[in-house]
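Please read the structure below before turning to the comments.
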Amino acid sequence: MPIEVPALLEHMIQALRSKMLSFPTPPLMIGIHSGGVWVAEQLYPHLQLPDSLGKLNIAFYRDDFSQTGLHPSVGASDLPYDLNDRHIILVDDVLYTGRTIRAALNELFDYGRPASVTLVVLAERNGRELPIQADIAGIRLQLDSHQYLQLNIAAFTLSIQNR
């Protein structure tokens, strides 16, 4: 049974509005290519942030780059602002092992030293390989090792699939 994404997004928007009250200045929102950018694009208009939405492509920062090679659709990151001393809202679609977030943090720190990073994900599931957890998650799920989450952007649903 698919999980309806709009309800998850509404929960995330409310949690983000509350979290943003603790920042002394408006934060920057950055989505991780590609699912995280889509989630960030859904959240961004509801938060009235003054800076444009940033897009982070972590392809060159992945620890499996030597094994998987370069994907043909790799593009540059789009971070048109100084990250130093700024509060960052980092957005991804699914948090699983933590390796994508580690790569994203490595790239962010190549652009500057943020004051803080708040991790926001549409779905957080069990199976972490690194000590990383979301500050805000639309949903937290316990899945078997043979299961994975699939985001269907066209249908605005998230579904549990078997390998």
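Among the residues that make up the range 37-47, is at least one of them hydroxyl-bearing (Ser, Thr, Tyr) and not in a helix (DSSP H, G or I)? No: the range 37-47 contains no residue that is hydroxyl-bearing (Ser, Thr, Tyr) and not in a helix (DSSP H, G or I).
Considering the range 114-163, the residues that are farther than 17 Å from His11 by Cα, of a type in the set (Gly, Ala, Ser) and part of a loop (DSSP other than H, G, I, E, B) include one that is modelled with the lowest pLDDT, namely Ser145. How many residues, within the range 1-40, are in contact with a Ser or Thr (Cβ under 8 Å, 6 or more places away or on another chain), at pLDDT 95 or above and more than 24 Å from Pro80 (Cα to Cα)? Looking only at that region, the number is 3.
One residue stands out in the range 11-36 among those that are part of a helix (DSSP H, G or I) and in contact with a His (Cβ under 9 Å, 6 or more places away or on another chain): the one that is surrounded by the fewest Cβ atoms within 10 Å (Cβ to Cβ), namely Arg17. Considering each residue of the range 16-47, count those that are under 18 Å from Gln150 (Cα atoms) and hydrophobic (A, V, I, L, M, F, W, C), and give that number. Qualifying residue count for the region: 5.
Apart from one condition, Leu79 fits all of (1) touching a Ser or Thr at 6+ places or on another chain (Cβ under 8 Å); (2) at pLDDT below 95; the exception is (1).
Tyr81 meets the conditions (1) over 24 Å from Pro6 (Cα atoms); (2) of a type outside the set (D, E, K, R); (3) under 15 Å from the mean Cα position of the chain (by Cα) in every case but one. The failed one is (3). Within the range 118-147, residues that are free of Cβ contacts under 8 Å to residues at least 24 places away in the same chain sit with their Cβ atoms under 8 Å from residues that are assigned to a loop (DSSP other than H, G, I, E, B) and among the charged types (D, E, K, R), at 6+ positions apart or across chains, in these pairs: His146/Arg163; Gln147/Arg163. Checked against (1) surrounded by 16 or more Cβ atoms within 10 Å (Cβ to Cβ); (2) under 17 Å from Leu28 (Cβ atoms); (3) among the hydroxyl-bearing types (Ser, Thr, Tyr), Thr100 meets all criteria but (2).
The values are calculated or read from the model by the stated rules, or taken from the named source; none is laboratory data. All values reported here derive from a predicted model rather than from experimental measurement. Cβ coordinates were reconstructed from backbone atoms using ideal geometry, including for glycine residues, and neighbour counts include every protein chain displayed.
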